[in-house]
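Student: Here it is, the structure in full.
The values are calculated or read from the model by the stated rules, or taken from the named source; none is laboratory data. Since the structure is predicted, the reported quantities are computational estimates derived from the model, not experimental observations. All Cβ positions, glycine included, derive from the backbone under ideal geometry; neighbour counts span all protein chains shown.
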Amino acid sequence: MNSIFKRRSYRKFLDKEVSMAKIEMLLKAGMQAPSACDGRPWEFYVITNKDKLLELASATPYSMCVKNCSVAIVPCYVYNKLKSPNYIICDMSACVENILIEAEEIGLGAVWIGGAPVRERIDSMRNILSLDKDIVPFCIIPVGYPVNRKDIEDRYDSSLVHFIK
Ligand SMILES: Cc1cc2nc3c(=O)[nH]c(=O)nc-3n(C[C@H](O)[C@H](O)[C@H](O)COP(=O)(O)O)c2cc1C
């Protein structure tokens, strides 16, 4: 629970490898997410190849920080296999958020680099990873040990809450 409040985006990482056990914890957290009709539409590409990470750093206008990490997770879905296509963005977002919170929980840092639904960014990620055209890469999550931990920000704003009694 605390990790929800501590989680921040990290884009600079120490030159320290992330163990396979920790990567698996992140993937487990992603797969634990809720999804429409329990469709669990996700698949995950885990990239540790330095050249591919460098290429992914230019996949979108805002992905340069991928060059700083030693591992990146790219959650994907296969459009033709979806049970609930209308909810795919919601399902994938729940999955990504779980991964980000778990990263905080196990002493790592990460950031959500937006891809879908922007067509050029999807195409760019797909080309770099040489994925089949029916596979849709959703985003990039660079992961690592943050260089500097950020402060907790209290974002609660009671003016945004409306009670209907
Ligand atoms: C859908 C989405 C797309 C995002 N895309 C990017 C991105 O392309 N590059 C980036 O550096 N951060 C990206 N972020 C991270 C946000 O900038 C970050 O979450 C926000 O500034 C709040 O900071 P915090 O995560 O530290 O709380 C994205 C976040 C979301 C939810």
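Student: What single numbered condition from (1) crowded, with 16+ Cβ neighbours inside 10 Å; (2) assigned to a helix (DSSP H, G or I); (3) away from the ligand (no atom under 11 Å from the Cβ) fails to hold for Leu100?
Tutor: (3)
Student: If you don't mind, there's one more thing I want to ask. Whether any residue in the range 69-82 is surrounded by fewer than 16 Cβ atoms within 10 Å (Cβ to Cβ), over 11 Å from the mean Cα position of the chain (by Cα), over 13 Å from Tyr45 (Cβ atoms) and at pLDDT 95 or above is what I want to check. Reasoning before the result, please.
Tutor: Filtering the range 69-82 for residues surrounded by fewer than 16 Cβ atoms within 10 Å (Cβ to Cβ) gives 78-81.
From the residues that got through so far, the ones that are over 11 Å from the mean Cα position of the chain (by Cα) too are 78-81.
Now drop any that are not over 13 Å from Tyr45 (Cβ atoms), which leaves 79-81.
Checking the rest, the ones that are also at pLDDT 95 or above come to none.
Within the range 69-82, none of the residues are surrounded by fewer than 16 Cβ atoms within 10 Å (Cβ to Cβ), over 11 Å from the mean Cα position of the chain (by Cα), over 13 Å from Tyr45 (Cβ atoms) and at pLDDT 95 or above.
Student: One residue is enough: does the range 62-80 have a residue meeting the conditions among the small types (Gly, Ala, Ser) and touching an Asp or Glu at 6+ places or on another chain (Cβ under 7 Å)? Walk me through how you get there before you give the answer.
Tutor: Taking the range 62-80 first, the residues among the small types (Gly, Ala, Ser) are 63, 70, 72.
Of the ones still in play, those that are also touching an Asp or Glu at 6+ places or on another chain (Cβ under 7 Å) are 70.
So far as the range 62-80 goes, yes, one or more of its residues are among the small types (Gly, Ala, Ser) and touching an Asp or Glu at 6+ places or on another chain (Cβ under 7 Å).
Student: Can you tell me which of Asp123, Asp151 is among the acidic types (Asp, Glu) and either more than 18 Å from Trp42 (Cα to Cα) or within 15 Å of the ligand (Cβ to nearest atom) (or both)? Let's see the steps before the verdict.
Tutor: Values: Asp123 fails: either more than 18 Å from Trp42 (Cα to Cα) or within 15 Å of the ligand (Cβ to nearest atom) (or both).
Going through Asp123, Asp151 in turn, the sole match is Asp151.
Student: Let me confirm something: among Val161, Val143, which residue is more than 14 Å from the ligand (Cβ to nearest atom), on the phi < 0 side of the Ramachandran plot and aliphatic (A, V, I, L, M)?
Tutor: On the way: Val143 fails: more than 14 Å from the ligand (Cβ to nearest atom).
On inspection, the qualifying residue turns out to be Val161.
Student: For the range 12-35, does any single residue satisfy the condition of being part of a strand (DSSP E or B), more than 16 Å from the ligand (Cβ to nearest atom) and surrounded by 17 or more Cβ atoms within 10 Å (Cβ to Cβ)?
Tutor: no
Student: Still on this structure, I have one more. May I ask you to list pairs of residues, at least six apart or on different chains, whose Cβ atoms are under 7 Å apart, with the first in the range 2-30 being within 21 Å of Asn68 (Cβ to Cβ) and the second being modelled with pLDDT under 95 and in a helix (DSSP H, G or I)?
Tutor: Qualifying pairs under 7 Å: Arg11/Asn68; Lys12/Asn68; Phe13/Asn68.
Student: Okay, next question. Exactly one condition in (1) within 16 Å of the ligand (Cβ to nearest atom); (2) without any contact (Cβ under 8 Å) to a residue 40 or more places away in the chain; (3) crowded, with 17+ Cβ neighbours inside 10 Å is not met by Cys65; state its number.
Tutor: Unmet condition: (2).
Student: I need every pair where a residue in the range 113-128 that is basic (Lys, Arg) has its Cβ under 6 Å from the Cβ of a residue that is outside any helix (DSSP H, G or I) and modelled with pLDDT of 95 or more, sequence separation at least 6 or different chains.
Tutor: Arg121/Thr60; Arg121/Gly115; Arg126/Pro137
Student: Does Pro85 count as more than 18 Å from Trp112 (Cα to Cα) and either within 16 Å of the ligand (Cβ to nearest atom) or surrounded by fewer than 20 Cβ atoms within 10 Å (Cβ to Cβ) (or both)?
Tutor: Details: more than 18 Å from Trp112 (Cα to Cα): yes; either within 16 Å of the ligand (Cβ to nearest atom) or surrounded by fewer than 20 Cβ atoms within 10 Å (Cβ to Cβ) (or both): yes.
Yes: the conditions hold for Pro85.
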